[in-house]
Amino acid sequence: MKIQFYKYQGTGNDFVILDNRTSEYSSLTTKHIRFICDRHMGIGADGLMLLNLHNDYDFEMKYYNSDGNESSMCGNGGRCLVQFAHNIGIIKNEYTFIAIDGVHHASIEPDGIVALQMSNVDGIEEQYGDYILNTGSPHFVKLTEDVMHLDIYKRGHDIRYSKRFEEEGINVNFVQQLEEPDKIIVRTYERGVENETLSCGTGVTAAALVCAHNDAGFNRVEVQTKGGHLSVEFDKIGSTFQNIWLNGPAEKVFEGTIEVA
């Protein structure tokens, strides 16, 4: 099968995107996706997305991790897919699309920043000073110091494959709070990739919610990742988080064709 692909990245979180509005790529297998995402044998990416037609929304987002399996929501992937939709002629002031975790709204700002509304979050579980929550994907958040010198692979792998999480898996975020209360650094070990990625949108969102600097009302948290800068805006109302927006760049890297057997 000959595939026309597009490579996009959002703060270093990179994706292969396929325009599947004619359903020509719906027969892709786990093996195909794993090959395409392989950084040595294929194109190389943290994940693959299909842009599908949908009767009720601008499009449907179908996301697969680099291990070839369909996964939960990907925040940076959603932002990249919105930019891709715009680039192929689906031009809107505000986008509405559906993903595995429900309906999302998004927009492309005049400065090129892609803003994506994330799902509301009802509560955060605290476990021995660490935090567990779901921002469209399950996340474990651990506050730490000197995060840039941690062995993220080993420490993330140990938590992801611990007894509680080994069956379904969990993404693991290590977060350093900076002197300014609204600024943090985040590094993430992602399940499905089974390694650190340069950035994780749902992970950044989870970390920002944990590090809310206003106990009630509006928050904006600036987040530095290894791949670049993101921001998360949200309203904290009691133990719930609403109107959550993930903001950052999303850029096309290149396009081409690849043969898969």
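Only the coordinates and a few stated rules stand behind these numbers; no lab work does. The structure displayed is predicted, hence computed values, not measured ones. Note that we place each Cβ from the backbone using ideal geometry, even for glycine, and neighbour counts take in every protein chain shown.
The table for this structure:
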item: Cross-link table Lys92/Lys142; Lys62/Lys183; Lys7/Lys154; Lys142/Lys236; Lys2/Lys31; Lys7/Lys31, entries beyond 27 Å C-alpha to C-alpha; result: Lys92/Lys142; Lys62/Lys183; Lys7/Lys154
item: Gain in span if fully extended, Lys154 to Glu180, counting 0.36 nm per residue against the direct Cα distance; result: 6.5 nm
item: Prolate/oblate/rounded call for the range 38-112, Cα gyration tensor, a/c under 1.5 rounded; result: prolate
item: Three-way shape call for the range 1-61 based on the alpha-carbon gyration tensor, with the a/c threshold at 1.5; result: oblate
item: Directionally averaged projected area (convex hull, Cα atoms, the chain), nm²; result: 13.8 nm²
item: Highest average packing first - 14-25, 159-170, Cβ atoms within 10 Å; result: 14-25, 159-170
item: Dipole in debye (nearest 20) - the chain, about Cα centre, beta carbon charges: Lys, Arg +1; Asp, Glu -1; result: 580 debye
item: Nearest-0.05 FRET efficiency for Asp146 and Glu255, computed from C-beta distance (R0 35 Å); result: 0.30
item: Karplus-derived HN-Hα couplings along the range 246-259 (A = 6.51, B = -1.76, C = 1.60, θ = phi - 60°), whole Hz, x at Gly and Pro; result: 9, 10, x, x, 8, 9, 6, 9, 6, 9, x, 10, 9, 9
item: Beta bridges per DSSP with both ends in the range 8-151, % antiparallel, nearest 5; result: 80 percent
item: Dipole axis of the chain (+1 Lys, Arg; -1 Asp, Glu on Cβ), positive-most option in Cys211, Gly156, Ala85; result: Ala85
item: Gaussian network model of the chain, Cα within-10 Å springs - most flexible of Gly123, Gly238, Gly12; result: Gly238
item: Distance in nm between pseudo-label sites at Arg21 and Asp38 (7 Å out along the Cβ direction from Cα); result: 3.2 nm
item: Mean Cβ neighbour count within 10 Å, used as a protection proxy, ranking 40-47, 179-186 highest first; result: 40-47, 179-186
item: Of Asp158, Asp122, Asp56, the one that fluctuates the most in a GNM where the chain has Cα springs shorter than 10 Å; result: Asp56
